[in-house]
Amino acid sequence: MEMTGTEDLLSKIAEHVRAIMRLLGIDLTNPDIAETPQRVAQMLLELTSGLREKPPEVKFFKIPENALNNLIIVRNIEIDSLCEHHLLPIIGKATIVYKPRTNSVPGLSKVIRLVQWFARRPILQERFTQELAELLLDKINAKFVYCHVKAIHLCSFMRGVKSRLTVLETEAVAGEIDVELNMLREVARDYDRVRQPLY
Ligand SMILES: [Zn+2]
């Protein structure tokens, strides 16, 4: 059943992509690009999958009671998204700092999957960061969550202002923080000196 729905969506989107290509003056009789509308449709579905898929279930594990005051840092979660104004890629990474609310903490891979699921839709990075902090607060059983997102936006990278060195950094807090905000900023800072390609 699910398959039919997706296939239907795929062919509908491909039809529109074909129409756009035609309007752009792309020669659709070229056999080498015959499959391009389907590929573009598939890509759009993949990059917006978070709109249609359920959030991943989070598994929890026990930590000792005396570890409750420790900060947990998940650094450099790679995210791929789309800007909601141009539907062009946003490529970046998120760092999450949180304090558990009870002695149950989420598995690392589930935190990563949750962040990546939430990014798979058109976003405005500033709003995304705040909503991500609130989503995580709710889903990972945290006392508070601090999120830092650092990304390049291809819409300002290769069109419009064409500023290729600009990186957008956003931060957000959810829950009751019981430490200094500047301390969280410092903890979240990426000291990795190895230059990543692009960002
Ligand atoms: Zn944009």
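Values in this text are rule-based calculations from the coordinates and carry no lab data. Model, not experiment: these values are computed from the prediction. Every residue, glycine among them, receives a Cβ derived from its backbone with ideal geometry; neighbour counts consider all protein chains shown.
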_Spin-label zone in region 111-133 - amide nitrogen under 14 Å from a point set 7 Å from the Cα of Thr166 along the C-beta vector_ = 125-126
*In percent, how large is the relative contact order of the chain, given Cα pairs closer than 8 Å and 6 or more residues apart?*
19
*Gaussian network model of the chain, Cα within-10 Å springs - most flexible of His153, His16, His86*: His16
_Relative pair counts by distance (%), Cα atoms of region 2-47, 5 Å bins_ = 5, 24, 28, 23, 13, 5, 2
*May I ask you to derive the relative contact order of region 2-47, considering only C-alpha pairs under 8 Å and at least 6 residues apart, and to give it as an integer percent?*
51
*For labels at Lys143 and Val187 in the simple 7 Å Cα→Cβ model, what's the distance in nm?*
1.0
*asked:* List the pairs from Lys93/Lys143; Lys54/Lys99; Lys54/Lys143; Lys110/Lys143; Lys62/Lys139; Lys12/Lys162 whose alpha-carbon separation is above 21 Å, in the order I gave them.
replied: Lys93/Lys143; Lys54/Lys99; Lys54/Lys143; Lys12/Lys162
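Where the convex hull is taken over the Cα atoms of region 1-77, what is its projected area averaged over directions, in nm²? Don't jump to the answer; show the numbers that get you there.
Numbers: hull surface 36.7 nm².
Answer in nm², one decimal: 9.2.
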*asked:* Using only the alpha-carbon atoms of the chain as identical scatterers, what base-10 log of I(q)/I(0) does the Debye formula give at q = 0.15, 0.17 Å⁻¹?
replied: -0.98, -1.15
_Label point distance in nm, His16-Gln130, each placed 7 Å from Cα along Cα→Cβ_ = 2.8
